Each structure stands twice: as structure tokens, then as C-alpha cells.
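Reviewing the structure listed below.
Every number in this text was worked out from the coordinates using simple rules, so none of it is lab data. Here the structure is a predicted model, which means the values were calculated and not measured. Here the Cβ positions follow ideal geometry from the backbone for every residue, glycine too, while neighbour counts run over all protein chains shown.
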Amino acid sequence: MASSPSRRNFIRRTAALTGGAFAAGGAARAAPLPVPSTNREPGRIIDEAAYGLPSKFEGHVKRRRTDVLKNRQNLSDWSMTPLQHQPGIITPNGLVYERHHAGTPDIDPNAHRLVIHGLVKQPLEFTMDDLHRYPSVSRFYFLECSGNGLTDWLKPASTTVQQTHGLLSGALWTGVPVSTLLEEAGVDPKGKWALLEGADASAHTRSVPMEKMLDDALIVYAMNGEALRPENGYPVRALLPGWEGNISVKWLRRIKIGEQPWHFRSETARYTDPMPDGKWRQFSMVMETKSVITSPSGGQQLKGPGFYEVTGLAWSGAGKIRAVDVSFDGGKNWREAKLEEPIMDKCLTRFKVGWNWDGSPAVLMSRAVDSNGYVQPSVQDIQKKRAIVGFVQHHNAIQPWSVNAKGEVRNVIGQA
Amino acid sequence: MQAKSSSGIPLGASGPHEVQPLPDKPRFGKPVSEADVAAWNIDIRTPDGAGLPPGRGSVAQGQKVYAEKCVACHGADAKGGSVYGTMVGGIGSFKGSPRVLTPGSMYPYAPILFDYIRRAMPMDRPQTLSADEVYAVSAYILNLNGLVPADAVMDAQSMPKVQMPNRDGFLLDDRPDTQATRCMSNCK
């Protein structure tokens, strides 16, 4: 058969990937494989009781504190999930991001109490044993900090997707619907708001509209099949699906029902969004539809031209992901990616699309569309409506990654 | 049209929230009284000061509390230290850049100071200040920001009355606000 240039190219590229005996033009044959030492000696025995840990060879997969925004103290702090290393849509518990305002407490679950009081028929106190006795529900939801990405609005500051998007995790949350407990306490019809308050040193507290408390808000004690980790709220936290992370108050000790919001510092001086004309947007609860390519992503290095599965995550506090489009040319042209099942409400959704990289420079980005038809905006789209000045929360803009001819992947937000 | 709370706050997507129906609703909560919860009941409804406790503190008293318990992190005259930024100034800075956020420039209601200081400060020993001390150091910070005179005394009556520059500075969430479109080819 005639060997056309394209067929020769195909064979050569295949040979480069497999490194095998098909190479045209003198590539090395594979060396005979030695018998690995692990076939020749027994491995580790099983401890009587243990909590398993990843292989030592996975030691690079860790939560990391930011090295972008120099945090000069350790009490009000945060650390990010290594999204670039996470397949699927579930973040392992040791890698779920954390953010606190005065350190992580180590609460004794036997001493801990949850109180519901205020505009209720009967104030109630619950032990952890009490909470575990209620019929539970388990739901998959994302959790995201409202400040995710705030270092990278107008120009790159972060190198990796862990740094740009790592205040985001996905988990299966188990607990009791808040509505169950509120019904038991008997909410006064005048009760339109609730405050949630934590038992940590910041006593972090937020006002929540009653509609959300009675809708899908949960009192959560388990994450991904085990008790909450201390840094994620052990022994119990609130979980307000689709809403900014800090309102899912951790180390929850108190729910108080009232008629009006409390306008705490945490929802006036903080967690508000600069708007044009010197104003601030308040009570911006919903985490809007967003996506990011996690591979290839910033700081990574492609090993030469060839096939890559470009993959990432998409999520929405306003519903389900309907589609994710991916561009390879800086947003001029887009292709719809494949969404991996299950696609769930207010949950991480995995998207993937094949890419044959020809070795020339490219700019990759993803754009999510949700079940309401809302399209993930660019930074320019957001700039038309909000003031990008200082610490700006609710950054859900399209994230561009450049790939140069050497295969180096870089964060080019504001530059592409 | 997405769901909004009765006060107009976008709620995002609803549910799912079906709970397994049971023949008898389980009840495991132990009845308590508000008196039992008194030590936890530290929230102040900041717009009108509901919940502000008995007690009082002057600017002068606040200066003493500050020197003893606050200056190490917040610096002389509350202008900021090695770790935390200034708590003074920034009034009128929001139409420019940078916006300087302080209790004076940013808090819509003075009682926010009482609520926050009592629950969270000092950062290494929160909930250790007396009500008098919290009123006093609040008075001091408000005075440094030019919002109360040097002879001011803060208490449950006077604190809600302080005129705060950013009182009308907040807009309720009205997202979605962006208007991105799903262009697929030859875009931009």
C-alpha cells in the first residue's frame, strides 16, 4: 500500500507514544524488563487497626497554604485543594480546602452542644448523640470559598490551579436537614432570619434567610463517609448548598431565629463586593456558575505534541451544569466538551475533551453553561457590572491557560 | 426567574430536600431556657443595637484598654501594626482606589464594633473583655475615626445613634448581573 505522508506521520507519532518496535527510522527497541523487587519480597503487613494513608510516592499531593498572598499570620488563614491532581468529582477528606478566622479548634464531641433558640416555641439543646439519631440524608455538593481566585483578577499572580481555584472541593455530606430541627423547635411565623454561630475563637457568625434554612440547608456531621475533619468543622457544621463557604458555619454551636438580619461584621465589612460608585453588594450568597481546566493547567509541562485529554471541573450554585465549552485558541472558537455522569445539582461536574496538540502555542479555556442558561462570564463581562478593586469575591470568570511550544502551561488571566 | 428570599436575596437552586417520611417524627432535642443560653447569646442586632448589654465606656477609658490589650497587633493610634492594617481612616475612599476599609469607613452601624470585639477580640483571648471594656474601646476607635467626640461615652443607648458614613453604602444582591453569551465560532 502506498505510504502517504500522513500515514508515515501517524506511525511516527504512534511510535513516539508507545516507544515500541514500530518506529520508522531507527527509534530504540524497548529493553527487556527486569523483575521488580516487589515481586521478590513480601510487602508491608496489616496493622491491627490503622487509618490508611496514600503511597509515599504521592507525597506531592497536598493541601497548600497560599504563597501568592503573603499571609503574615497563621490565625486567620486558608489552604487550597490540589485540583490538578484530583480525578473525578470527590475531594478526599485530607485534601478538602480549609479557611478559618482564628485557628482550628479540637472540639470534644461529648462536650459539644448545638442550641436552637430565639423566636421559637421551645429552645432546644442537642448533643452529638442526639443529632446522630435523627434520620439522615447524604448529598453530593461542592463547597467553595467566596474568595476563591481573588488574587487573580486582572493579571496572573498564581502559578497553579491549586492556587487559582483551590478553595473549592466536592464531597458527599451527611447530616440532618435543618428543617427537621427547626420544626421540632417550632419557628415563630415572625422568624424570617436565622443566625449561625461557631464554637471557634472567632465565633464566626452569619445571618441566613429563613427560606434557605427550610429549603436544603443541612446540619452536617460527616463528609465522604467519615466524621468531618476538625479543619472542616468537626463535630458539626452547617452546610448551605451552593452558597459561599463561610456561611456554612463550622463548629456550629448556635442557631438563633430572629426577624431581621444582624448585619454582622462578617457580612458588612467582610464578604461584600465592591460595586461602582463606591457601593458594596451585600448578602451575595450564591456561588455562581464556574468552570476551570485542571489538566493541563498552570505550572504543568506537556511532554511534546500528541493527544491529551483536556479535563476540568464545572459547578453552579444556581442549578446543574448543562454544558461546558472549551477553546484552544484563546476564545475565538469553542467546542462542547463531554460531561461525565453523574451530573448533579450544586455539585462538581467533570468535563473532558480530546485535544491533538500540534506543538504550536495555544491558549486553553473552559466556559460553563448552567441549567438556567446562564453563561460563565469573562473578567471583562464582570468588570462591566462590578468594581474590581481590592479584595474582590465571587470571581467566577473564565480562566485561560497558555501552552507554549515547549509545552509549558502558564496562567494568563488578564493577558489572553 | 430564580427564587428570591422575602427580602429579595437570590437563593440559587432549590432542593432536593425530601426527607424520609416517618410514622412518628423523632424528637431528641432537650428543652432549655433562654437563661441557660445567656452566656452564648452574644449577638447584637447591629442596625438598632438590640442585645447591647448594660455597661458603658468612655473614649479615655478605651484608650487605656487599647494600650493594654490591642496595640500589640493593631499599632499605635490603631493605625496598623506589623500584621494588621489600619482601623482608622478611609472615609470617602470608596469612589477611588484603593478603597481603605476601616470600622470608620466601612461599618454601616456602630454596634457592629461591639458585637465583633466582644466575640472575637483580642484574637488570642476572645470573649474575655467585659462589656464596659468593649464599650470603651469601641468609643476610642470611633473617636479616632472622627465619629464621636473625645468626651463620648458609649452604652446601649448612645451606640446605635452614632452616624456612620457607610450606613447607606450597601446594595442587596441583584445577581445574575453578567450578560455573557455562548458564542461558538469566530468570537470576539
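Overview of values
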{"read-out": "Spin-label pair A:Glu226/A:His85, simplified geometry with 7 Å Cα→Cβ offset, distance in nm", "value": "1.7 nm"}
{"read-out": "Net lengthening on full extension, A:Leu172/A:Glu408 (0.36 nm per residue, minus Cα-Cα)", "value": "81.5 nm"}
{"read-out": "Nitroxide proxy distance, nm - points 7 Å out along Cα→Cβ at B:Gln127 and B:Lys95", "value": "4.4 nm"}
{"read-out": "Sites A:Arg64 and B:Ala76 - FRET efficiency at Förster radius 25 Å, r taken between beta-carbons, to 0.05", "value": "0.10"}
{"read-out": "Violating pairs (Cα-Cα greater than 30 angstrom) within the set A:Lys320/B:Lys25; A:Lys384/B:Lys79; A:Lys338/B:Lys188", "value": "A:Lys320/B:Lys25; A:Lys384/B:Lys79"}
{"read-out": "Hz values of 3J(HN,Hα) by residue in segment A:148-153 - Karplus curve (6.51, -1.76, 1.60), Gly and Pro given as x", "value": "4, x, 5, 7, 10, 9"}
{"read-out": "Residue-by-residue Karplus 3J(HN,Hα) for segment B:70-80, coefficients 6.51, -1.76, 1.60, Hz, glycine and proline x", "value": "10, 5, 4, 9, 9, x, 4, 6, 6, 8, x"}
{"read-out": "Sites A:Arg40 and B:Met184, calculated FRET efficiency, Cβ-Cβ separation with R0 51 Å, nearest 0.05", "value": "0.35"}
{"read-out": "Whole-Å semi-axes of segment A:290-411's equivalent ellipsoid (Cα gyration tensor)", "value": "24, 19, 12"}
{"read-out": "Cysteines (scope chain B) whose Cβ has no counterpart Cys Cβ under 4.7 Å", "value": "B:Cys70, B:Cys73"}
{"read-out": "Listed residues A:Gly52, A:Val379, A:Pro135: farthest to the positive end of the dipole of chain A (Cβ charges)", "value": "A:Val379"}
{"read-out": "Estimated FRET transfer efficiency when R0 is 25 angstrom, pair A:Asn110-A:Asn74 (beta carbons, to 0.05)", "value": "0.30"}
{"read-out": "Folded to 0 to 90 degrees: helix B:111-120 orientation relative to chain B principal axis, Cα", "value": "90 degrees"}
{"read-out": "Estimated 222 nm signal from helices in chain B, with DSSP H stretches of n ≥ 4 weighted -39500 (n - 2.57), rounded to 500", "value": "-6500 deg cm²/dmol"}
{"read-out": "Rg followed by Dmax, in Å, when chain A is reduced to its Cα trace", "value": "24.5, 87"}
{"read-out": "Reachable lysines, given that their alpha-carbon falls under 20 Å from the alpha-carbon of A:Lys62 and they are not under 8 places away in the same chain", "value": "A:Lys70"}
{"read-out": "Rounded D (µm²/s) - segment B:55-160, Kirkwood Rh over Cα pairs, Stokes-Einstein at 10 °C, 1.306 mPa s", "value": "116 µm²/s"}
{"read-out": "Rg to Rh quotient for segment A:64-281, alpha carbon positions, Kirkwood Rh", "value": "0.97"}
{"read-out": "Ranked list, fewest to most other Cβ atoms within 10 Å of each Cβ, for A:Arg65, B:Arg118, A:Arg270", "value": "A:Arg65, A:Arg270, B:Arg118"}
{"read-out": "Degrees between helix A:5-18 axis and first principal axis of chain A (Cα, 0 to 90, nearest 10)", "value": "60 degrees"}
